[in-house]
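Below is one structure, written out as structure tokens, with a few remarks after it.
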Amino acid sequence: MKNLKLAPQDQKKLDQLFVNLKIESSHFIGYPCNLGFDYTELHPFLNLGINNVGDPFVSSNYHVNSHVLEREVVEYFAQLTHAKDNYWGYVTNGGTEGNMYGLYLARELHPQGVVYYSQDTHYSIAKILRILRMKNIMIRSQDNGEIDYEDLEETIRIKRHVTPIIVANIGTTMKGAIDNVPKIQGILKKLAMPTQYIHCDAALSGMILPFVEDAPAFGFDSGTDSIAISGHKFIGSPIPCGIAIAKKENVDRIARAIEYVGSLDTTLTGSRNGITPIFLWYALKTRGPEHFKLMVQQCFDIADYAISELKRIGQTAWRNPFSTTVVFDYPSIDIINKWQLASYQDIAHLIVMPHVTKEWVNRFIADLAQEGNQP
């Protein structure tokens with residue numbers, strides 16, 4: 001294979017794609033993906049057929065895997081989310097798979113349960129609920145994107161004969177709002193619900209809140225049953241990935257022995273990416289807790305700078321506490337397209353990831369200001 005070469009026209013097409021992607025990466029502020037990473041030292045692993053088939057905590061007949069590092073990654077996030085010893089997890093393809101895993105466990109534990117989620121919940125949840133054929137009710141959101149607790153309480157009260165399965169947003173898609181897990185637990189206790197299940201979609205904020213003092217609680221010590229966190233968002237990865245963590249006793253309920261691979265079938269997919277666990281392991285080992293704390297604070301500072309600059313040019317701009325998502329007025333389609341902004345109804349947002357600097361914000365503000373000055 002080393003002697004094979006692309007035809008000149010195909011090489012040109014590939015080269016042009018690289019140039020285009022580099023250009024687009026220079027004004028990327030609308031979605032939560034950290035572009036500030038360097039995995040050059042890991043490039044040799046791309047020449048291997050690494051497949052993490054099966055349970056990362058069980059030996060397999062397929063030895064070309066990175067389970068040994070995947071387990072360390074899972075252990076890191078278990079500690080981060082206060083899972084103690086009763087946990088299990090694996091590296092996923094991203095937040096959607098992590099959300100599906102949590103709701104799959106919930107369905108197996110509570111087949112007649114009803115899922116409650118807010119109108120600001122990530123679109124993957126509605127899709128997953130259709131796939132899993134789970135009964136569900138959408139709950140109103142507050143203006144800041146947080147779930148409406150009064151609506152949640154009253155709706156559960158009406159259906160208190162069935163187990164509530166609650167999707168708590170630890171950073172909503174558009175506004176970065178954080179649902180209050182202890183408050184939700186208080187509602188369930190008030191209604192004397194005998195059984196319950198809480199899944200936390202912590203795709204972005206799951207790697208932010210643990211490094212902030214007095215941050216909202218969402219871990220297993222708060223009564224959470226499963227958590228999904230993305231790896232390519234705050235940490236950064238060239239390949240989308242994430243982490244699903246759940247209580248081991250619940251995972252044991254769905255585990256099946258598979259003779260073909262000599263392992264347990266506990267994950268959603270069969271063959272799994274063996275490269276991303278290596279990326280995440282490398283990132284976690286080369287950046288200690290203090291480094292992540294610094295990264296988070298820098299993002300908060302730049303988010304506040306972006307808000308002040310947006311207000312300076314007449315925009316309505318704000319962010320939720322503990323969020324790096326800056327919400328502002330809906331701009332022109334040209335601005336949305338150039339800066340790859342997410343938009344909804346009359347608002348748009350930019351998300352400050354570790355690669356977004358003041359210089360990036362200044363360039364964006366200049367474009368937005370120039371648009372406002374045009375006749």
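The values are calculated or read from the model by the stated rules, or taken from the named source; none is laboratory data. Fair warning: this is a prediction, and the values are worked out from it, not measured in the lab. Glycine also receives a Cβ, built like all others from the backbone with ideal geometry; neighbour counts cover every protein chain displayed.
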I'd like to check which helices (runs of 4 or more DSSP H) are fully inside segment 1-110 and have at least 2 residues that are free of Cβ contacts under 8 Å to residues at least 24 places away in the same chain.
8-25, 67-80
Pick from segment 212-251 the residues that are in contact (Cβ under 8 Å) with a residue 40 or more places away in the chain and charged (D, E, K, R): which of them is farthest from residue 45 (Cα to Cα)?
221
Going through segment 271-286 in order, the residues found to be without any contact (Cβ under 8 Å) to a residue 12 or more places away in the chain and of a type in the set (D, E, K, R) are 285
Within segment 1-35, can you find the residues that are more than 19 Å from residue 303 (Cα to Cα) and hydrophobic (A, V, I, L, M, F, W, C)?
1, 4, 6, 7, 14, 17, 18, 19, 21, 23
Those residues of segment 333-373 which are surrounded by fewer than 14 Cβ atoms within 10 Å (Cβ to Cβ) and acidic (Asp, Glu) amount to 334, 346, 359, 371
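The rows are residues; the columns are (1) under 27 Å from residue 235 (Cβ atoms); (2) modelled with pLDDT of 95 or more.
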| site | (1), (2) |
| --- | --- |
| 311 | no, yes |
| 315 | no, yes |
| 320 | yes, yes |
| 330 | no, yes |
| 357 | yes, yes |
| 366 | no, yes |
| 372 | no, no |
I'd like the full set of residues that are over 23 Å from residue 101 (Cβ atoms) and crowded, with 18+ Cβ neighbours inside 10 Å, limited to segment 181-215.
187, 211
Being surrounded by fewer than 20 Cβ atoms within 10 Å (Cβ to Cβ), aromatic (Phe, Trp, Tyr) and under 21 Å from residue 370 (Cα atoms) is the requirement here; does residue 330 meet it?
yes
Only one of (1) among the aromatic types (Phe, Trp, Tyr); (2) in a loop (DSSP other than H, G, I, E, B); (3) more than 20 Å from residue 255 (Cβ to Cβ) does not apply to residue 116, and that is (2)
Given the structure, is residue 282 aromatic (Phe, Trp, Tyr) and more than 27 Å from residue 226 (Cα to Cα)?
no
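Residues checked against (1) under 29 Å from residue 295 (Cβ atoms); (2) outside the structural domain of residue 349 (by TED's automatic domain parsing); (3) in a helix (DSSP H, G or I):
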position	(1), (2), (3)
153	no, yes, yes
157	no, yes, yes
161	no, yes, no
203	yes, yes, no
216	yes, yes, no
Of the numbered conditions (1) surrounded by fewer than 11 Cβ atoms within 10 Å (Cβ to Cβ); (2) modelled with pLDDT of 95 or more, residue 5 fails exactly one; give the number of that condition.
(2)
Here is a check on your reading of the model: is residue 75 assigned by TED's automatic domain parsing to the domain that holds residue 248, in contact with a helix residue (DSSP H, G or I) (Cβ under 9 Å, 6 or more places away or on another chain) and charged (D, E, K, R)?
no
So, of the residues in segment 136-162 that are surrounded by 15 or more Cβ atoms within 10 Å (Cβ to Cβ) and of a type in the set (D, E, K, R), which turns out to be nearest to residue 349 (Cα to Cα)?
146
Residues (over 24 Å from the mean Cα position of the chain (by Cα), exposed (fewer than 15 other Cβ atoms within 10 Å of the Cβ) and in a helix (DSSP H, G or I)) located in segment 292-316:
308, 311, 312
So is residue 303 touching a His at 6+ places or on another chain (Cβ under 9 Å) and not assigned by TED's automatic domain parsing to the domain that holds residue 101 or not?
no
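Looking at segment 255-277 only, could you name the residues that are assigned to a loop (DSSP other than H, G, I, E, B), at pLDDT 80 or above and surrounded by fewer than 20 Cβ atoms within 10 Å (Cβ to Cβ)?
Result: 268, 269, 270, 271.
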Any chance residue 211 is over 15 Å from the mean Cα position of the chain (by Cα) and aromatic (Phe, Trp, Tyr):
yes
Hey, does segment 177-184 have a residue that's in a strand (DSSP E or B) and of a type in the set (S, T, N, Q)?
no
